[in-house]
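There's a structure below that I have some questions on.
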Amino acid sequence: MYRLNVIGCGKVGRTLTRLFVEKGLVSRLCLVSRSLDSAKSARDFIGLGDPKNSIAELPAADVWMIAAGDARLSAIARELADVGAQSSRNLIFHCSGAVDSSVLLPLRARSVLLGSVHPIRSFADPELAHRLFCGTSCALEGEPEAIELLHALFSAIGAETFELSAESKSRCHAGHVIVSNYLVALLDVGRRVYESAGVPDDSIDSFMSSLAQGTVENVKALGIAGALTGPIVRGEIATVSQQLESLRQEPKLSDAASVYSLMGQVATRIAERKGALSCEDVKRLTELLQGR
């Protein structure tokens, strides 16, 4: 069991800490957040913990988890180094997906183990994230001993872990942004196209999410190329041309036309990779979608 200090009691911090506590990994827990009320709220969610007013009040611990925003990590690392409550071989890690463990270098002089872990899951609803966490992939980065401890810690709460280098972490996070955040943006574009076509809101609500979910399930079952359907993979150039022109003619959908064009080019490359299109069809579709 570990003495655990948590800095940052937002959605990620409180979800992970509750999982650690429920798995019997924590012997003592102290919590610091932007306000004492936030730390107390996290304690209530977790079911355990001693809320503190500041980092300076935190006692010695075996593991320090920093679940604060990216912009605060450097300042927190400097403050921790100044406080000096850490001991040799303590594990100190943060939960950012975009920033690697080098942001914690002010603590290196303490001979602590530095790392980072990024759970690849939405934490929009901590209760839901807590319930569905088992099986979540977590990217580990940092010093070898830190990664070893992080693997043991997160495996104990049901995570599937893999390692990343510090150099590749930002690029991996860009992939998460595309798959998660930009999928939301893409669905918004699609919804506005439906609305412009006069589709009732309740009808959109009834089919849009199931259509997207079905696509995700197809990707899981068949792979990217196998899941691609629609006019591009069928080489229906006239249909693609008609749809693109209909979007371009609606001033409020200029961004949708751009999205259709860009994603169409990506889809063309997938269809080409799949062997579904002739060289001539690839050339014609690419020129059409690029506006040439």
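Taking the Cα atoms of the stretch 100-192 alone, what are Rg (to one decimal) and Dmax (as a whole number) in Å?
15.7, 54
When the chain is fully extended, how far beyond the present Cα-Cα distance does ARG89 get from ALA156, taking 0.36 nm per residue of separation?
Working: separation 67, 0.36 × 67 = 24.12 nm, distance 2.03 nm.
Contour length minus the Cα-Cα distance gives 22.1 nm.
Show me, for the stretch 175-187, the HN-Hα J-couplings you get by feeding each phi into the Karplus relation (A = 6.51, B = -1.76, C = 1.60, θ = phi - 60°), rounded to Hz, glycine and proline as x.
Those phi angles translate into x, 4, 4, 5, 5, 9, 5, 6, 5, 4, 4, 5, 5 Hz.
Stretch SER241-ALA98 to full length: gain in nm at 0.36 nm per residue minus the Cα-Cα span?
On the way: separation 143, 0.36 × 143 = 51.48 nm, distance 3.86 nm.
Full extension of this stretch gives 47.6 nm more.
Quick one: of the DSSP bridges fully inside the chain, what percent are antiparallel, nearest 5? Could you put the intermediate results ahead of the total?
On the way: 5 of 30 bridges.
Counting DSSP beta bridges with both partners in the chain, the antiparallel share is about 15 percent.
Between ARG34 and residues 5 or more places away or on another chain, which pairs have amide H atoms under 5 Å apart, with H built 1.01 Å from N, and which residues are they?
Amide H to amide H, under 5 Å and 5 or more residues apart or across chains, ARG34 pairs with CYS9.
Along the Cα→Cβ direction, 7 angstrom out, place labels at THR229 and LYS40. What is the inter-label distance in nm?
For THR229 paired with LYS40, the spin-label model returns 5.4 nm.
On the protein heavy atoms, probe 1.4 angstrom, tell me the percent of accessible surface of the chain carried by carbon and sulfur.
On the way: 8000 of 14980 Å².
Looking at the chain in its full context, I get 53 percent from C and S.
I've got another one for you. Mind checking which of ILE232, ILE66, ILE157 has the largest fluctuation in a GNM of the chain, springs on alpha carbons under 10 Å?
Highest fluctuation among the options: ILE232.
Between beta-carbons, use under 14 Å as the cut-off and find the net charge around ALA81, counting Lys and Arg +1, Asp and Glu -1. Could the numbers behind the result be given before it?
Working: positive: ARG78, ARG108, ARG110; negative: GLU79, ASP82.
Overall, the nearby charge balance is +1.
Separate question: Between TYR194 and GLU280, what is the spin-label point distance in nm, taking each point 7 Å from the Cα along the Cα→C-beta axis?
Computed distance between label sites TYR194 and GLU280 equals 3.8 nm.
For the stretch 275-292, what does the Karplus curve 6.51 cos²θ - 1.76 cosθ + 1.60, with θ = phi - 60°, yield as ³J(HN,Hα) per residue in whole Hz, taken in order and with x for Gly and Pro?
Rounded to whole hertz, the list is x, 8, 10, 6, 4, 5, 5, 4, 4, 5, 5, 4, 5, 4, 6, 8, x, 8.
Turning to a different aspect of this structure: Given the stretch 113-198, what percent of its DSSP beta bridges are antiparallel, to the nearest 5? The partial results should precede the final answer.
Values: 5 of 9 bridges.
Of those bridges, close to 55 percent are antiparallel.
Further question: Using Cα pairs under 8 angstrom and six or more residues apart, how large is the relative contact order of the chain, in percent?
Working: 428 pairs, mean separation 33.0, N = 292.
Taking the mean separation of contacting Cα pairs over the length of the chain, I get 11 percent.
What length, rounded to one decimal in nm, is gained on full extension from PHE207 through to ALA124, with 0.36 nm per residue of separation minus their alpha-carbon distance? Don't skip to the answer; put the middle values down first.
Working: separation 83, 0.36 × 83 = 29.88 nm, distance 2.31 nm.
Fully extending the segment from PHE207 to ALA124 adds 27.6 nm.
Let me know the whole percent of all Cα-Cα pairs from the chain that are separated by more than 32 Å. Numbers along the way, then the final one.
On the way: 17708 of 42486 pairs.
Tail of the P(r) past 32 Å holds 42 percent of the pairs.
The values are calculated or read from the model by the stated rules, or taken from the named source; none is laboratory data. Everything quoted here is computed from the prediction, not taken from an experiment. Quick reminder, even Gly has a Cβ in these numbers, built from the backbone with ideal geometry, and neighbours come from all protein chains shown. Remember, those area values only see protein heavy atoms, side chains included, never the ligands or the DNA or RNA. Shrake-Rupley method; radii C 1.70, N 1.55, O 1.52, S 1.80 Å.
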